[in-house]
Structures are given as structure tokens and as C-alpha cells.
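**Student:** The structure under discussion is supplied below as C-alpha cells; questions concerning it will follow.
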Amino acid sequence: MSYNSKVYMKQGADELIVADGGAIRDDSMARSIRVRATIAEANAGLTLLAAIPGYKYRLNNATMIAIGGNVATVTTLDILGTQATTEVKLVAFAQAQLLRSVVLRPGITGAAVLADGASFAACDENKPIRLLKTGTDAATATHVDVILDYTIEAA
């Protein structure tokens, strides 16, 4: 299931029309999305931002909060994007820090990013941003809140 499952239509070079009547301009306007993902969705893999032909995502910040208990058993819960044709962990949130109601962000212990700021570089065109676990399935917590601050840029 995609939480950003609106229909997009490219119209000219300066804006992307959203089916609900809104518009996303190609001026790198900052956007935000909050998803409350079940642990089952995180274990299976969940599309947070659907791929948009002709456009690419740039992550500006990410937040994760465990809901209903501490996250157990998993190694990390990851925000994934594709850079240079390879899916990479833009942010890896460590299980040891995914405690109930604790707010984790890049730069805080337990929220690892790619070297040299690569987590905040533009991702490849027409690729989604996903949530997925590393290691055994996550358990105990019922959900995780994932909050992404991002921009959509013309390819």
C-alpha cells in the first residue's frame, strides 16, 4: 500500500499537477508527510513516497517514533531511496534507540546516515522512498510514526 497514492500528471516543465487539485512546483518546495506504519508493514516493506516519472526526491530530514511499545528484535528500520541505481539506506534507525515515544532524527545516536551528506542528496528519477527492516522482523511495538521532510525536483 502506498500512503502517497495520488495520481500525478506532468504538465509543462514548471509544475506537477496533483489529482486532488493541489500543485507541486519544480522550485524545490519543501513538503512533509507523516505515516503511521504498522510493524507488519515495516517488516514487509512500505512505500512512503511513490515514484513519479520525471521527478526525483531529496530527503531533508526524517523522524521515527515507536508507538505502543519499544521496537524489538530487528536490527534497524530503514528509510530507503535509490541513488546511482542502487537502493541505499538514507537513514537507518537502530532497534536499541527505537523506544516507545522517543523521537529519533538523523544526527542523534541510533539514526545513522550515509557518509558525506549523501543521505540528503537527490535520489534517482522515478524511484520511490520506502520503509523496510534489516535483520529479523521487528516486534513488540504496534506501529512506528515516520515523518519525512523532502523536496520533489525535476529530473
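**Student:** Pull up all non-local amide H partners of Lys133: gap of 5 or more, or a different chain, and H-to-H distance under 5 Å with H placed in the peptide plane.
**Tutor:** Here the answer is Gly45, Asp78, since their amide H atoms fall under 5 Å of that of Lys133.
**Student:** Continuing with this model, one more query. Pull out the extension gain between Ala121 and Ala84, defined as 0.36 nm times the separation in residues minus the alpha carbon to alpha carbon distance; nm, one decimal.
**Tutor:** Value of the extension gain: 12.2 nm.
**Student:** Going by how many other Cβ atoms sit within 10 Å of their own, how do Val103, Val91, Val146 line up, fewest first?
**Tutor:** Val103, Val146, Val91
**Student:** 5 Å is the cut-off here: which amide hydrogens, built 1.01 Å from N in the peptide plane, fall below it relative to Leu49, excluding neighbours closer than 5 in sequence?
**Tutor:** Residues meeting the criterion, in which the H sits 1.01 Å from N, are Ile129.
**Student:** A follow-up question, please. How high is the relative contact order of segment 30-154, given as a whole-number percent (alpha carbon pairs under 8 Å, six or more residues apart)?
**Tutor:** 48 percent.
**Student:** What is segment 30-154 by shape, rounded, prolate or oblate, if you read a ≥ b ≥ c off the alpha carbon gyration tensor as root eigenvalues and call it rounded for a/c under 1.5, prolate for a/b larger than b/c, and oblate otherwise?
**Tutor:** prolate
**Student:** Determine the dipole magnitude for segment 30-154: charges of +1 sit on the beta-carbon of Lys and Arg, -1 on that of Asp and Glu, nothing else is charged, the reference point is the Cα centre, and the result goes in debye to the nearest 20.
**Tutor:** For segment 30-154, the charge dipole is close to 240 debye.
**Student:** Kindly write out, for segment 131-145 in residue order, the coupling ³J(HN,Hα) from the Karplus curve 6.51 cos²θ - 1.76 cosθ + 1.60 (θ = phi - 60°), rounded to whole Hz, with x marking Gly and Pro.
**Tutor:** So the Karplus estimates, Gly and Pro as x, are 10, 7, 8, 10, x, 5, 4, 5, 9, 6, 4, 8, 8, 10, 8 Hz.
**Student:** Mind listing which trypsin sites (Lys or Arg not before Pro) in segment 53-135 are in a DSSP loop and have 10 or fewer other Cβ atoms within 10 Å?
**Tutor:** Passing both the DSSP loop test and the Cβ count: no residue.
**Student:** So, one more: Could you list which residues have their amide H under 5 Å from that of Val88, counting only those 5 or more apart in sequence or on another chain, with H placed in the peptide plane?
**Tutor:** Sorted by chain and number, the residues that satisfy this are Gly81, Thr82, Gln83.
Just so you know, all these numbers are worked out from the coordinates, no wet-lab data involved. These figures come from a predicted structure and were not determined experimentally. Using ideal geometry, Cβ is built from the backbone for each residue, glycine included, and neighbour counts are taken over all protein chains shown.
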